[in-house]
Structures are given as C-alpha cells and as structure tokens.
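Have a look at the structure below before the remarks.
The values are calculated or read from the model by the stated rules, or taken from the named source; none is laboratory data. Keep in mind that this is a model prediction, so the values were computed, not measured. Virtual Cβ from ideal backbone geometry, glycine too; neighbours counted across all protein chains shown.
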Amino acid sequence: MDTIELLEQLGRVEPADPAVLDRTADALWALAAAESQEARSRASEPSPVLRGSARRIGVVDRLAPTAGGRSRRYRRLGIGAVGAAVVLLTGVFLPGGWLDRSPSAAAATLLQAAAAAASPTPLPPLGAGQYYYQGNIEQQLCTSPLPGGAGVANFLNPNTHENWVATDGTGSVRLVADPGGHWLTPRDQAKWQATGSPNECSITSPLLALTSEAAILALPTDPTVLGSLIADGRVNDVGQILPSPGPCAQAATPLNQNSASCGINRQLDVVNNLLTAPMAVRRLGAVLFQIVAQLPGVELIGTRTDALGRTGTAVENPGSGDVLVLDPSTGTLLETQSLALAGNTLGVPTGTVVGSVTFGPIAVVNGLGTLPN
Amino acid sequence: MDDADERAGTSDRDDPAAFVALFWRHGPAVHAYLSRRAGRQDADDLLSEVWLRAFTGRADRRSPEALPWLYGIARNVLSAHWRRQARPRAHAELSDELDPWADADARVDATAQRATIDRVLATLSKDEREVLLLVVWEQLTPAEVAAVLGLPQGTARSRLHRALTTLREATAHPPVLTCSDPMEA
C-alpha cells in the first residue's frame, strides 16, 4: 500500500449522526424563518409569513445529498441511500398569534382521555427470529426541483413504510412506492410536464437498517419530566437526551418565541417524531399525549377519517398545521397530518392536507421482510 | 437548487430556504472534513458553528462553488476551536497554527504503517500537508484548494506538486533500518 492509499484510508470517517445534522438544520431553519419574518416586517407586509420550513412529516425528516447532487429528503429511520427525491415542504405559520391562545380545554380533555386509554397493552411475545411488523402509509409532499431553473413541482406522493422491529427497538425498514398520488395543483403538473417530467418522487428501497429506538425506549415516562426535557430542547428527533439544550433553545426566533424554551411548533415536531417509532409508541404514547395536552394553542378540530378508513378525533396545533388523529377509546394514534396554513405559497386552500402518516396495526411475523398473513 | 444555481451561488444567498437545502447537500461532507481533523465528537460540536457562520456570511461568498467556501469557513472554525482549547498537538512547533495532520496523526495505530506515514509526512511543510490532505481527503482540485486556503491557484498547484514529489522521493528512498540479531552477537 503506498502513502497516498494509506492517507486515503486514514481519511475514512464514520458518516455524521443524522441527529447531529438535524440539529444544525433546525437551527438554520429557525434563522431562515427569522430572516423571512424580518424581511416582511421591513416591507410592512401583513402576516401570515412564510415559514418556508422543511417540516417533518411522519418519519421523513431529513434531506441528504445524493450521487446526482440534488438535495433530497429521507425518512428518519436509518435510510441513507434511498434513490428518492423529495424535499418536503409544508406550510406557513402565523407568528405570534397562536401563542396567545389558552390551551383548548376540549383538546386537553381528548388527549387526557386518549392517554388514559393508552395504558400499555402488552404485545404478544416474540419467538426466535420473529419481529413486530407495522406498515405505515405515508403521503409525502414531494417537492421536485425542476431543471433549467423552473422552480419546483409539488406532488403528494404515497408510499408504505414497512417496519420490522425487535423488542429492543432494532430492526429493518423498507419503502414501497404506492400507486396513486396527485399533483398538489394543476399548475404543479403543468410545470412538471413542461420541464420533461423528471421522475423524482418515486420511493422504493430494499431492506434497510432501522435506526434503533433504544434511545426513545429509555426516555423517562413521567410526563412532567419528559415534557420539561422537550421544552428545554434537550430531546432530539431520535429520542436522545442532549447534555445541553439544543439549537432551538439558544436563539429567540419567530419559531421559538421564548429563548428559555423551545417553541410549541418545535416541541410538537419532537413529539411527532417520537410517535413514529413503532415500539416506543407502545411505551410512551400515553406520556406524549399528556405532554401535547399541556401545549398552549392545541385545539380540538373534530372527527377525521384516516387513509385506512378508520374514524378518529383530531387535535391541531394551528401554529404549525400539525394534526394528531386519535381513537380516544383505545388511545391509538391513527394518523398524523400536516395542513397548509393561511397564506401558504403552495397555492392550496388553508387546511389542505399536504402530508400524512397513517399508522397500521402491529402484527407478529416470522422474520425480516416477511409480511403478516 | 440545481448545480447551476449552486455555481452561481444565487439561490442560497437570496433564499434562506435554499440555503438549508445547501446544508443537506454539503453538511455531511463538512462534518467529514471536521471529523478527519478534529475527531467525531468535536465535529459534532463544531458543525452548527460552521453553518451558522456560513448562513450569516453567505452574502459575502466569493467562491462560485459552495463546497470550497464552506471548507474555508470550517478551517477557520477549527483554527479558532484549537486556539480556544489550547490543546496539546502532536507537532508542538505547530501548536498555534492549523495543521490537519496533527490530529489525524493521533488516529494512526502504532504499526509499521504509522512509522511509514509519519516519516513521509514529516518531510512536508505544514502548508504542503494541508494542500495534500485537501486533495486526498476532500477530493478537491487544486483550484478548489486555492479557494479554501485563499491562495492563488498557481501557489496551490506548486505546493501540491512539491508535496507529491517529496512523497515519491521519500517513498522511493526509505531510511535504512538496522537491527542486530542477538544470536549472532
């Protein structure tokens, strides 16, 4: 081996932890949002202000570079090399206004009822080589960058995230592209067709390693303790407890009105990400519902039917458009949704669903890649 | 943001959201740059600092390509980090200056390879080492190296040329190692 080869070998380092990248991205989003807000203020434009944030929709939570050089967004469950192009963009927010609202008593009551009903029901034990399987249907807003500086085209892209998880939270995940989907607006479709119809949104993957849920499974189950950690920015999107507050607690921005704690939007982001962990939600679901019940501004918005045809009751954080659809009788989280807010730049009416994750039932299967009967 | 946008550097300067896309495109590479030179833990800590500096200074970007500009910021952040820490370095004479080899050296295990690479790299100047490692580790062209270090392109090329020449000579003429067999004594 020559010297250059030795040097190259020395230069090989482990890829960055996704949680580390997420923290930096969150800080940049906060700065970007603050800058947009400031620019609007200077121009004396009225609210609402574009949040412009790549938000987490279910388990999809980060952009990563690809060989093709495009910025792409992948789910958080350990996928580093899926050849899929998605920049998830949702919504806008109304800075300030929603923070003044009192917590909705109706929403809090629903969430507390769901928390009480969600008392951990033991899953059937696993035999040798067996896994818990959960297939989650995701509708992702795929924002496909168009060639020639033609901007982007938004497509609501369906796929199934198949999870195989062991009791310790390790396992595998596979993405399967589902038929269907639709352009968000006719204008998106026209732009896409005019630029050669690049196929950027289809997601199919082999079995990939699942980011372990071990950190989430180790989180405290006292809602006051966990709620404080989340509010202080000490819990990241994969459930790790940080030794010091994360970026959202370090700067006051429109997304984070109080420099001493993370804003409600960010807290709900963290809760949403924790809720997508198939095993952890069994242990922490009730705790997380209680935490959401304490967040100011969360409102009851009535009944919703999820992508599997199940009916539940929904609560929304109007500041971010995040919706949780719950079955209060069983405490089951049926679906999370992201709604377009007033003044959004996507060209869709307020309240349009621009992303969702529908949580399928959990079954025991006889190995990785095996589907339930 | 496509390649043309990035080369022009317009989207991420004018559009804060596009800048975040730039992060997802180059964040892992910048982390690797930091990790190679300062170790993974410090890289985790310094990554945000690099990107927040880049965000606030993006209007001043001169480099048409984003990555060399980002490496330049990362280099400055590393330099400040080391000054703050006043950490002991493997090469004491370089303790107050940025030398990427100083930390990488500590990662080489104690084998014959370490002796080889230590000996060869010790024949290079700090400046030559830095150019060489940007080319070998970061896969930059001499022009991009020049952008990172704020050098004329010719200077970067000549440093790389000297480094490679020195490496070839050092490899071709290794020092003679002598050892005695106690059984022959």
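Applying a threshold of 8 Å to beta carbon distances and a minimum spacing of six or more residues, or different chains, the list of pairs starting in the stretch B:17-36 at a residue that is at the interface with another protein chain (Cβ under 7 Å from one of its Cβ atoms) and ending at one that is in a helix (DSSP H, G or I) and among the aromatic types (Phe, Trp, Tyr) reads B:PHE19/B:PHE55; B:VAL20/A:TRP29; B:PHE23/B:TRP51; B:GLY27/B:TRP51. Somewhere in the stretch B:58-68, is a residue farther than 26 Å from B:ARG119 by Cβ, at pLDDT 85 or above and more than 14 Å from every other protein chain (Cβ to nearest Cβ)? Checked the stretch B:58-68: at least one residue is farther than 26 Å from B:ARG119 by Cβ, at pLDDT 85 or above and more than 14 Å from every other protein chain (Cβ to nearest Cβ). When the criteria are applied in full, B:ALA156 fails the requirement of being buried (at least 20 other Cβ atoms within 10 Å of the Cβ), in contact with a Leu (Cβ under 9 Å, 6 or more places away or on another chain), away from chain A (no Cβ under 11 Å) and at pLDDT below 70.
Residues are listed down the side, and each one gets a yes or a no for (1) modelled with pLDDT of 80 or more; (2) touching a helix residue (DSSP H, G or I) at 6+ places or on another chain (Cβ under 9 Å); (3) not basic (Lys, Arg):
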residue: A:THR204; (1), (2), (3): no, no, yes
residue: A:THR211; (1), (2), (3): no, yes, yes
residue: A:PRO223; (1), (2), (3): yes, yes, yes
residue: A:LEU226; (1), (2), (3): yes, yes, yes
residue: A:ASP232; (1), (2), (3): yes, yes, yes
residue: A:GLN240; (1), (2), (3): yes, yes, yes
residue: A:PRO247; (1), (2), (3): no, yes, yes
residue: A:ALA252; (1), (2), (3): no, yes, yes
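Before we move on, is A:LEU217 more than 25 Å from A:TRP29 (Cβ to Cβ) and modelled with pLDDT of 75 or more? So A:LEU217 fits the description; yes. In the stretch A:271-289, the residue that is nearest to A:GLY135 (Cα to Cα) out of those that are touching a Gly at 6+ places or on another chain (Cβ under 9 Å) and β-branched (Val, Ile, Thr) is A:THR276.
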